[in-house]
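Q: Have a look at the structure that comes next, please.
The values are calculated or read from the model by the stated rules, or taken from the named source; none is laboratory data. Model, not experiment: these values are computed from the prediction. In this analysis, Cβ positions are derived from the backbone assuming ideal geometry, glycine residues included, and neighbour counts consider all displayed protein chains.
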Amino acid sequence: MIQYTPTAADRARFPDSYAVETRYLGYRRSEEAAPYAKYFRADTLPVQEHVREALLGGMAPTEYAYGIQDAARIMSRPGHHKMETGWTRVPGGYLIAVLTDMPGVTAEMWDWWFGWHSAESARYKLWYPDAHQFSALGEDRSADRTLTDRQRYIDNVSYVDEYVGGTLQRLAIRFTDPTRLGFNEPGPGHAVICARVGLSRYPVAQGWLVHQVRPTSHGSEMRSRFFLDDAGMLDLPAHSVPGRGGSLLTARMTRRLGDSALPRVAARALGPTFGYDLAFHCASEMNHLASFLPALHEEFKDTP
């Protein structure tokens, strides 16, 4: 199984804003002075038609599933997989897939977005105004203009609060280099965004995400995958986890739970509709942001 090694951003002190920033959906008058405020939208765009059809079709066959250890090999093939959009159950959780067609969008724009959006909650809400509440970074690297877009987010942590379906999720997205998951270094016109996905208030990881961006004749397509079947504890210092989360889940408690107990607990925590809910969530946010990402990127690509 692919292993994740905590980084300096993982081990940094947890963001102070997490405890004091007010959570709410949408935007308030105080945010209208933001330079990117003209991109605020009151509502998220509808999902693309092929997503609607996949969601109406229900869960895909379990035979379509594969794990994170096979992701690079399978996703590096030309063409498309049997399940480009949908979800299915796997032992310990879910595999969720979403294909998003993005006219006029490039891979470069997505690398920039992942390095730019998490510095402020209002930026994060641009992505999905109906579901996103809060965002903060393990290390805010925006002031270092010597870094590339990819260097701003790889080996960094994005702490986010967002609704998936009707449930508020408090997540830690721990970005990692795609080559560590077996992908080749992305070439021109391509991007592969990979992360270990888990909880922000506990040192627990639940799985992995991959967003592969490939060029098309009219822009690009994003192939999103969520491998939520690989739960595990992370070796983090207490100051990297808010409140009592770190002390409650100590190494001693992990040994008491056993290697097999944590995956079972994590799988139950996701709930019976989580596959559908996350497929809809991903399809909504990617399609919505792609509708104005070219203009947003052009205006802010050279600014912190």
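Q: So I96 passes all but one of these: (1) crowded, with 19+ Cβ neighbours inside 10 Å; (2) of a type in the set (V, I, T); (3) farther than 23 Å from R196 by Cβ. Which condition number does it fail?
A: Unmet for I96, out of (1) crowded, with 19+ Cβ neighbours inside 10 Å; (2) of a type in the set (V, I, T); (3) farther than 23 Å from R196 by Cβ: (3).
A quick yes/no check of all residues on (1) in contact with a strand residue (DSSP E or B) (Cβ under 8 Å, 6 or more places away or on another chain); (2) more than 18 Å from F274 (Cβ to Cβ):
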| position | (1), (2) |
| --- | --- |
| T88 | yes, no |
| A97 | yes, no |
| D101 | yes, yes |
| D111 | yes, yes |
| R123 | yes, yes |
| D140 | no, yes |
| T167 | no, no |
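Q: Looking only at the stretch 276-296, decide whether some residue is in a helix (DSSP H, G or I), more than 30 Å from R150 (Cβ to Cβ), modelled with pLDDT of 95 or more and under 20 Å from the mean Cα position of the chain (by Cα).
A: The answer is yes, given that some residue of the stretch 276-296 is in a helix (DSSP H, G or I), more than 30 Å from R150 (Cβ to Cβ), modelled with pLDDT of 95 or more and under 20 Å from the mean Cα position of the chain (by Cα).
Q: Looking at A71, A42, A19, which is the one that is touching a strand residue (DSSP E or B) at 6+ places or on another chain (Cβ under 7 Å) and either outside any loop (DSSP other than H, G, I, E, B) or under 26 Å from G165 (Cβ atoms) (or both)?
A: Of A71, A42, A19, the one residue that is touching a strand residue (DSSP E or B) at 6+ places or on another chain (Cβ under 7 Å) and either outside any loop (DSSP other than H, G, I, E, B) or under 26 Å from G165 (Cβ atoms) (or both) is A71.
Q: Taking the stretch 69-106 on its own, how many of its residues are of a type in the set (G, A, S), under 30 Å from D302 (Cα atoms) and within 16 Å of the chain's Cα centre (by Cα)?
A: Within the stretch 69-106, residues that are of a type in the set (G, A, S), under 30 Å from D302 (Cα atoms) and within 16 Å of the chain's Cα centre (by Cα) number 0.
Q: Moving on. Pairs only if they're at least six apart or on different chains, beta carbon under 7 angstrom, first in the stretch 107-129 and within 11 Å of I193 (Cβ to Cβ), second of a type in the set (A, V, I, L, M) and outside any helix (DSSP H, G or I); list them, first residue then second.
A: A107/A191; A107/V213; W110/A191; W110/I193; W110/V213; D111/A191; F114/I193
Q: Only residues that are of a type in the set (A, V, I, L, M) and surrounded by fewer than 20 Cβ atoms within 10 Å (Cβ to Cβ): list them for the stretch 139-163, please. Spell out the reasoning first.
A: Initially, the stretch 139-163 is screened for residues of a type in the set (A, V, I, L, M), giving 143, 147, 154, 157, 160.
Hits for the stretch 139-163 are A143, L147.
Q: So, in the stretch 29-39, how many residues would count as being at pLDDT 95 or above and either assigned to a loop (DSSP other than H, G, I, E, B) or charged (D, E, K, R) (or both)?
A: Here the count works out to 4.
Q: Next question, about the same structure. Tally time: how many residues in the stretch 150-173 are within 12 Å of the chain's Cα centre (by Cα) and among the small types (G, A, S)?
A: Qualifying residue count for the region: 2.
Q: Conditions first: (1) under 25 Å from L95 (Cα atoms); (2) part of a helix (DSSP H, G or I); (3) at pLDDT below 95. S247 passes all but one, so which condition is the exception?
A: Evaluating S247 over (1) under 25 Å from L95 (Cα atoms); (2) part of a helix (DSSP H, G or I); (3) at pLDDT below 95 leaves (1) as the failure.
Q: Can you find even one residue in the stretch 170-189 that is without any contact (Cβ under 8 Å) to a residue 60 or more places away in the chain, surrounded by fewer than 19 Cβ atoms within 10 Å (Cβ to Cβ) and of a type in the set (S, T, N, Q)?
A: yes
Q: Moving to a separate point now. Of these, Y39, Y66, Y27, Y18, which one is touching a Pro at 6+ places or on another chain (Cβ under 7 Å) and among the aromatic types (F, W, Y)?
A: On inspection, the qualifying residue turns out to be Y18.
Q: Out of everything in the stretch 73-95 that is touching a Ser or Thr at 6+ places or on another chain (Cβ under 8 Å) and among the aliphatic types (A, V, I, L, M), what residue ends up being nearest to V47 (Cα to Cα)?
A: Checked the stretch 73-95; the qualifying residue nearest to V47 (Cα to Cα) is L95.
Q: Of the residues P272, P304, which is farther than 30 Å from D149 by Cβ, at pLDDT 65 or above and not in a helix (DSSP H, G or I)?
A: Of the residues listed, the single one that is farther than 30 Å from D149 by Cβ, at pLDDT 65 or above and not in a helix (DSSP H, G or I) is P272.
Q: Continuing with this model, one more query. Given the conditions (1) surrounded by 17 or more Cβ atoms within 10 Å (Cβ to Cβ); (2) not in a helix (DSSP H, G or I), report the number of the one that H81 does not fulfil.
A: (1)
Q: Let me ask you something else. Do you know which residues across the stretch 282-295 are within 16 Å of E162 (Cα to Cα) and surrounded by fewer than 23 Cβ atoms within 10 Å (Cβ to Cβ)?
A: S284, H288
Q: I need the full set of residues from the stretch 104-142 which are in a loop (DSSP other than H, G, I, E, B), at pLDDT 95 or above and touching a Pro at 6+ places or on another chain (Cβ under 7 Å), in order please.
A: Taking the stretch 104-142 as the starting set, the residues that turn out to be in a loop (DSSP other than H, G, I, E, B) are 104-106, 120, 128-131, 138-142.
Now restrict to residues that are at pLDDT 95 or above: 104-106, 120, 128-131, 138-141.
Matches in the stretch 104-142: G104, V105.
Q: Which residues, counting only those in the stretch 6-16, are in a loop (DSSP other than H, G, I, E, B), surrounded by fewer than 16 Cβ atoms within 10 Å (Cβ to Cβ) and in contact with a helix residue (DSSP H, G or I) (Cβ under 9 Å, 6 or more places away or on another chain)?
A: The answer is R13, and nothing else.
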